[in-house]
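K.L.:
The structure follows.
The values are calculated or read from the model by the stated rules, or taken from the named source; none is laboratory data. The structure displayed is predicted, hence computed values, not measured ones. Note that each Cβ is placed from the backbone with ideal geometry, even for glycine, and that neighbours are counted across all protein chains shown. The accessibility values were calculated without ligands, DNA or RNA, using every heavy atom of the protein model including side chains. Shrake-Rupley method; radii C 1.70, N 1.55, O 1.52, S 1.80 Å.
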Amino acid sequence: MEPKRISAPLTDEVVLELKAGDNVLISGVIYTARDAAHKKLVELMDQGEPLPIDLTGQFIYYVGPTPAKPGQAIGSAGPTTSGRMDAYTPQMFEKGMKACIGKGLRSQAVKDALQKHKGLYLAAVGGAGALLSKRIKKCDVVAYPELGAEAIHRLEVEDFPATVINDAYGNDLYAEGAKQYAR
Amino acid sequence: MREIAASVISDHVAEMCQDANIYLGEDVFDALKKSLETEESPTGKEVLKQLIENVEIAKNEQIPICQDTGFAVFFVEWGQEVHLTGGSLEEAIHEGVRRGYTEGYLRKSIVDDPLYKRKNTGDNTPAVIYTELVPGDKVKIAFAPKGGGSENMSSVKMLKPSDGEAGVIDFVVNHVKAAGPNPCPPIVVGVGIGGTFDKVAVLAKKALFRKVGSKNPDEAFAVLEQKILDKINDLGVGPQGFGGRTFALAVHIETFPSHIASMAASVNINCHACRHLEREL
Ligand code: SF4
């Protein structure tokens, strides 16, 4: 099946067109955040303080790249394990985030949040850091520079490949895919 | 007596850190290519193609295969007729890691205090080092950068001797099933059987240093490796957990004699970025 081309940030219409198992190529602007940045963002939310970035419609990519060599936009940049962000993810969706990209299993609370807020959980191929780095054209720190590789970065991506794992309808590729090929 | 300078060890280690992270071994690469021929799922095939392309991009453009350039793990076999000059072995290895990870633009993923401060050491040290004194005048250094995502999916279980073969199979297969997509499948599964609680964990780690596709020299364990591999692939989890026939590329079992009351077992998982390198000096 040909991958669907989508642009970032996302609209509800596009979210609702996508189903678990769909391959997509993302172009546009996405943001990075890992454990430490999530912790800081959610602390601000709890205190009712403004966030350093507007999450409305945004993709958040869970990544901690290798340092860029001179002349590179970014180093090796594959996804990290998403489960570590589970505790923070429902609140991120409440604040307008539309999709997150990582790898691996999510909690039921995250899957519920996808249905409630019309969101998507996608996986990029874990360990394909060299290939994925070539689809990232520009990378700038926009918040928490003190966190180094864990700072929030703004990425300009072109045809960034990902697969929808959990959609807004409660479908789950991890559960369905394995069932189909089990013997 | 043969002498080796600590600085020579550091130079080799620095090179090995960079090479292992950029060039995937032929053994793993061949296993990936072979799995593309047998994979039935179209999405699974797509993933395998991306992984093969990734290895080529990494090599051609000198980009690390994966951004998690790992905890630096070493198994050193030191010939007892070799004298190390100008420093200690541990410090020589740490110096090599420091240089390799800094000069090679590799990610520094180690924090000093594991519980409270968790402050990055800034140079990916310390390494985890196992040293064995062996007869002869050669030194063998084996290195693997071990990713956190797959390392987190590991386990030790003190089975009962009466659990038998079925107990080992259940433990390994159920454990790998629960890990599912998290350790970036296709995976390589290291299994330890025997020894003590601590010994069995090291056996599973050592199993991951074997060439992918190699068999346990003991026929019975070689058969068990294949049996467990088939069961794991029959789970249908497939590449990246998207569904398919290639959940694991290999199962490697390492064993050690056991106490009459025990049968320790362990699983240590590696991802397809199963990076390992060996040098003999
Ligand atoms: S599990 Fe392996 S391939 Fe996946 S992110 Fe970690 S090191 Fe990379």
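K.L.:
Examine the range B:148-171 for a residue that is of a type outside the set (Asp, Glu), out of contact with any helix residue (DSSP H, G or I) (no Cβ under 9 Å at 6 or more places or on another chain), closer than 30 Å to A:Glu176 by Cα and within 14 Å of another protein chain (Cβ to nearest Cβ), and state whether such a residue exists.
P.N.:
Checking the range B:148-171: at least one residue is of a type outside the set (Asp, Glu), out of contact with any helix residue (DSSP H, G or I) (no Cβ under 9 Å at 6 or more places or on another chain), closer than 30 Å to A:Glu176 by Cα and within 14 Å of another protein chain (Cβ to nearest Cβ).
K.L.:
Assess whether A:Leu105 counts as being of a type outside the set (S, T, N, Q), open to solvent by 10 Å² or more (accessible area, probe 1.4 Å) and within 16 Å of the ligand (Cβ to nearest atom).
P.N.:
The answer is yes for A:Leu105.
K.L.:
Tell me the residue from B:Lys227, B:Lys231, B:Lys206, B:Lys199 that is open to solvent by 60 Å² or more (accessible area, probe 1.4 Å), within 14 Å of another protein chain (Cβ to nearest Cβ) and not aromatic (Phe, Trp, Tyr), please. Please lay out each step first, then the result.
P.N.:
Details: B:Lys227 fails: within 14 Å of another protein chain (Cβ to nearest Cβ); B:Lys206 fails: within 14 Å of another protein chain (Cβ to nearest Cβ); B:Lys199 fails: within 14 Å of another protein chain (Cβ to nearest Cβ).
When all the criteria are applied, what remains is B:Lys231.
K.L.:
Ok, one more. So which strands (runs of 3 or more DSSP E) are wholly in the range B:47-158 and hold at least 1 residues that are hydrophobic (A, V, I, L, M, F, W, C) and under 24 Å from B:Glu26 (Cβ atoms)? Reasoning before the result, please.
P.N.:
Values: elements: B:71-79, B:82-85, B:128-134, B:139-146.
Hits in the range B:47-158: B:71-79, B:139-146.
K.L.:
Would you tally the residues in the range B:62-121 being β-branched (Val, Ile, Thr), within 14 Å of chain A (Cβ to nearest Cβ) and closer than 28 Å to B:Leu51 by Cβ?
P.N.:
Counting residues in the range B:62-121 that are β-branched (Val, Ile, Thr), within 14 Å of chain A (Cβ to nearest Cβ) and closer than 28 Å to B:Leu51 by Cβ gives 5.
K.L.:
Where residues in the range A:149-183 are open to solvent by 20 Å² or more (accessible area, probe 1.4 Å), more than 10 Å from chain B (Cβ to nearest Cβ) and in a loop (DSSP other than H, G, I, E, B), which of them is farthest from A:Lys116 (Cα to Cα)?
P.N.:
Of everything passing the filter in the range A:149-183, A:Asn171 is farthest from A:Lys116 (Cα to Cα).
K.L.:
For the range A:85-148, please list each of the helices (runs of 4 or more DSSP H) lying entirely inside it that holds at least 3 residues being within 14 Å of chain B (Cβ to nearest Cβ) and on the phi < 0 side of the Ramachandran plot.
P.N.:
A:129-133
K.L.:
Looking only at the range B:59-71, which residues are more than 12 Å from the ligand (Cβ to nearest atom) and open to solvent by less than 80 Å² (accessible area, probe 1.4 Å)?
P.N.:
B:Gln62, B:Ile63
K.L.:
Moving on to the next point. For the range B:36-92, give me each residue that is of a type in the set (Asp, Glu) and more than 18 Å from A:Ser76 (Cα to Cα).
P.N.:
Passing the criteria: B:Glu37, B:Glu39, B:Glu40, B:Glu46, B:Glu77, B:Glu81, B:Glu90, B:Glu91.
K.L.:
From the set of residues in the range B:234-262 that are over 18 Å from B:Glu46 (Cβ atoms) and within 14 Å of another protein chain (Cβ to nearest Cβ), which is surrounded by the most Cβ atoms within 10 Å (Cβ to Cβ)?
P.N.:
B:Ala248
K.L.:
Scan the range A:64-84 residue by residue and report those that are open to solvent by less than 10 Å² (accessible area, probe 1.4 Å) and either in contact with a Gly (Cβ under 7 Å, 6 or more places away or on another chain) or of a type in the set (Asp, Glu) (or both).
P.N.:
Matches in the range A:64-84: A:Thr66, A:Ser76, A:Ala77, A:Gly78, A:Pro79, A:Ser82.
K.L.:
Please go through the range B:1-20 and pick out each residue that is within 14 Å of chain A (Cβ to nearest Cβ) and in contact with a Gly (Cβ under 7 Å, 6 or more places away or on another chain). Talk me through it step by step, then tell me what you get.
P.N.:
Keep residues of the range B:1-20 that are within 14 Å of chain A (Cβ to nearest Cβ), which gives B:17-18, B:20.
Result: B:Cys17, B:Gln18.
K.L.:
Let me ask you something else. When you scan the range A:19-37, how many residues do you find that are under 13 Å from the mean Cα position of the chain (by Cα) and either aromatic (Phe, Trp, Tyr) or buried (at least 23 other Cβ atoms within 10 Å of the Cβ) (or both)?
P.N.:
Counting residues in the range A:19-37 that are under 13 Å from the mean Cα position of the chain (by Cα) and either aromatic (Phe, Trp, Tyr) or buried (at least 23 other Cβ atoms within 10 Å of the Cβ) (or both) gives 5.
K.L.:
Please tell me if B:Asp170 is free of Cβ contacts under 8 Å to residues at least 60 places away in the same chain and either in contact with a Cys (Cβ under 8 Å, 6 or more places away or on another chain) or within 30 Å of B:Gln67 (Cα to Cα) (or both).
P.N.:
Judged against the criteria, B:Asp170 is not a match.
K.L.:
Have a look at B:Ala220, B:Ala207, B:Ala201, B:Ala144 and point out the one that is within 16 Å of the ligand (Cβ to nearest atom) and modelled with pLDDT of 95 or more.
P.N.:
Criteria check complete, one pass: B:Ala144.
K.L.:
Further, regarding this structure: Quick test of your reading of the structure: B:Asp19 fulfils all but one of (1) within 20 Å of B:Val128 (Cα to Cα); (2) open to solvent by 60 Å² or more (accessible area, probe 1.4 Å); (3) under 22 Å from the mean Cα position of the chain (by Cα); (4) among the charged types (D, E, K, R). Name the failing condition by number.
P.N.:
Status for B:Asp19: all satisfied but (2).
K.L.:
Which numbered condition in (1) away from chain A (no Cβ under 13 Å); (2) open to solvent by 70 Å² or more (accessible area, probe 1.4 Å) is the only one that B:Glu53 fails?
P.N.:
Among (1) away from chain A (no Cβ under 13 Å); (2) open to solvent by 70 Å² or more (accessible area, probe 1.4 Å), B:Glu53 violates only (1).
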